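Worksheet: the structure to be examined is printed underneath.
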Amino acid sequence: MAGDEPTEGRPIAGTRAFFGPRAAGWEDRFPDDGPAYAAAVRALDPPSGGVVLDAACGTGRALEPLRAAVGPAGVLLGLDVTPEMLGDALSRGRGTLATLVLADVTRLPLATGSVDAIFAAGLVSHLADPVQGLGELARATRAAGRLAIFHPIGRAALAARHGRQLEPSDVRAPDRIAATLAAAGWRLDYLDDGPQRYLALAGRVAGPRSSSSS
Ligand SMILES: C[S@@+](CC[C@H](N)C(=O)[O-])C[C@H]1O[C@@H](n2cnc3c(N)ncnc32)[C@H](O)[C@@H]1O
């Protein structure tokens, strides 16, 4: 997922300007990531027959394992704000796996409490306000629903790929992601911040959100 960082915190126009021209061939740059996505989906364990959202689905790399998890009776939505990303997903036939939706995850066109599980790969660092964005995911998720925040590469390896050091302010850092999730209505249940991948699993907390900020 190289090229994953330059839009950090920018508005939607910047996200589209960055990802639009990169959509064609985006996932061909990372042809070996499939098993990592499948393992992350297994860890999320979406319910068979449930309603599952791939938030910021991009070209839809996670849609095949997500469809396998929810089965033919499940409802699977792949949502992204960059039209070219969804266009590439369609060209790969992934419109048969999921309903593809052009929308902003910070303003989901979904009813409150309507989703059982959310898979979010490569999204969090693009949210201008992570508490608001993750809070909107929480709003759409039923009580005790689940969230996976995933990258198919460790944070340190990704930073090194960009010639950077890990930033203490990185929202994905262990203490920050726990606090950010708590402020957004989630409870961090599991974190793999290792060299191979980043995977945070969270459960929807019932009741009012924590007042702490990220
Ligand atoms: C690094 S790519 C990851 C795509 C895909 N999840 C994957 O793992 O291959 C980030 C994606 O996030 C999308 N994105 C960023 N901000 C978004 C937002 N607010 N709403 C919806 N999609 C967003 C971009 O359009 C882009 O497709």
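State whether the residues of the range 58-72 include one that is over 23 Å from Ala159 (Cα atoms), in contact (Cβ under 8 Å) with a residue 12 or more places away in the chain and charged (D, E, K, R). Yes, there is a match, as at least one residue in the range 58-72 is over 23 Å from Ala159 (Cα atoms), in contact (Cβ under 8 Å) with a residue 12 or more places away in the chain and charged (D, E, K, R). Among the residues of the range 131-186, those that are among the basic types (Lys, Arg) and under 19 Å from Ala40 (Cα atoms) comprise Arg146, Arg155, Arg172. Residues being buried (at least 17 other Cβ atoms within 10 Å of the Cβ) and closer than 17 Å to Leu147 by Cβ are entirely absent from the range 87-99. Please work out if Ala117 is more than 12 Å from the ligand (Cβ to nearest atom) and part of a helix (DSSP H, G or I). Taking the combined requirement at face value, the residue does not satisfy it.
Among residues of the range 175-202 being more than 13 Å from Leu134 (Cα to Cα) and aliphatic (A, V, I, L, M), the one that is surrounded by the most Cβ atoms within 10 Å (Cβ to Cβ) is Leu199. Taking the range 131-190 as the range and being assigned to a strand (DSSP E or B) and touching a helix residue (DSSP H, G or I) at 6+ places or on another chain (Cβ under 8 Å) as the test, the residues that pass are Arg146, Leu147, Ala148, Ile149, Phe150, His151, Trp186, Arg187, Leu188, Tyr190. Using the structure shown, decide if Asp104 is in contact with a Cys (Cβ under 8 Å, 6 or more places away or on another chain) and within 14 Å of the ligand (Cβ to nearest atom). So Asp104 does not fit the description; no.
On the stretch given as the range 176-204, residues that are in contact (Cβ under 8 Å) with a residue 60 or more places away in the chain and out of contact with any His (no Cβ under 7 Å at 6 or more places or on another chain) total 5.
Values in this text are rule-based calculations from the coordinates and carry no lab data. Bear in mind that the values here come from a model prediction, so they are computed numbers and not experimental data. Here the Cβ is made from the backbone with ideal geometry for all residues, glycine too, and neighbour counts use every protein chain on show.
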